[in-house]
1. Give the relative contact order (percent, whole number) for the range B:25-98; include only Cα pairs under 8 Å separated by 6+ residues.
2. I'd like the antiparallel share, as a percent to the nearest 5, of DSSP beta bridges with both residues in the protein assembly as shown.
3. Using a Gaussian network model of chain B whose springs link C-alpha atoms within less than 10 Å, name the residue from B:Val74, B:Val12, B:Val89 with the highest mean-square fluctuation.
4. What are the ³J(HN,Hα) couplings of the range B:69-79, residue after residue, when phi is run through the Karplus curve with 6.51, -1.76, 1.60 and θ = phi - 60°? Round to Hz, x for glycine and proline.
5. Work out Dmax and Rg for the range A:74-113 from the C-alpha atoms and quote the Rg first, both in angstrom.
6. Is chain A best put as rounded, prolate or oblate by its Cα gyration tensor, with a ≥ b ≥ c the root eigenvalues, rounded for a/c under 1.5, and otherwise prolate when a/b is larger than b/c, oblate when not?
7. Suppose a student asked you for the relative contact order of chain A, using Cα pairs under 8 Å spaced at least 6 residues apart; what percent would you report?
8. Between A:Gly106 and residues 5 or more places away or on another chain, which pairs have amide H atoms under 5 Å apart, with H built 1.01 Å from N, and which residues are they?
Amino acid sequence: AQSVTQPDIHITVSEGASLELRCNYSYGATPYLFWYVQSPGQGLQLLLKYFSGDTLVQGIKGFEAEFKRSQSSFNLRKPSVHWSDAAEYFCAVVLNTGNQFYFGTGTSLTVIP
Amino acid sequence: GAGVSQTPSNKVTEKGKYVELRCDPISGHTALYWYRQSLGQGPEFLIYFQGTGAADDSGLPNDRFFAVRPEGSVSTLKIQRTERGDSAVYLCASSSQGREETQYFGPGTRLLVL
């Protein structure tokens with residue numbers, strides 16, 4: 001079955017520390033890949049996306065993600081976390097032949113001073 | 001311009017009742033998506049419109065769920081004979097064309113079925 005896995009339900013990091021959120025997918029072909037952030041009281045916001053080409057993509061708010069075909073992964077990273085980054089993060093995929101987006105279950109990020 | 005808006009923001013209904021949830025996409029966006037998000041879960045795809053037509057409704061859980069977009073802008077998600085399991089946040093998103101374009105999400109409608 002097609003799936004998107006975010007193995008970390010909750011992560012806590014100190015402000016200024018680096019961050020990596022994991023995402024793995026299970027599809028026959030390389031899908032289009034996305035990371036969204038959902039802050040309390042806010043709608044989902046796109047951080048970055050990958051379709052093809054350079055496997056390291058830059059997004060908004062200083063985030064980046066790396067696509068690794070061999071690992072079926074698309075991990076999100078940030079070198080230095082800010083307190084305002086505390087939110088829920090979702091990885092999502094869509095097949096390049098379809099329109100149905102599949103979201104992971106999300107990773108909740110807590111930032112401590 | 002204005003973002004995606006959804007009304008009502010909250011809806012409480014009784015089991016068996018009919019509800020309508022409205023989505024106003026960003027002006028000019030031809031693609032519109034409906035999702036359902038249960039507590040502790042990611043959004044679950046329900047239906048995708050391109051213009052007035054439902055291009056993909058494979059995510060609708062059963063025939064109690066139906067959505068329309070008669071003029072290619074506003075969309076209404078309709079749920080008949082609501083069940084307690086329908087309680088969730090219903091999200092709407094729009095994009096300028098389709099899957100390669102950025103989806104802009106609305107704030108959602110929180111539906112509670114008693």
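FYI, it's all coordinate maths here, none of it is from the lab. Since the model is a prediction, treat every value here as computed from it, not as a measurement. Every residue, glycine among them, receives a Cβ derived from its backbone with ideal geometry; neighbour counts consider all protein chains shown.
1. About 41 percent, as a whole number.
2. Expressed as a percentage, antiparallel bridges in the protein assembly as shown total about 90.
3. B:Val12
4. 8, x, 10, x, 10, 4, 10, 10, 9, 10, 10
5. My reading of the Cα-based Rg and Dmax gives 13.4, 44 Å.
6. prolate
7. That works out to 37 percent.
8. A:Gln6, A:Cys91
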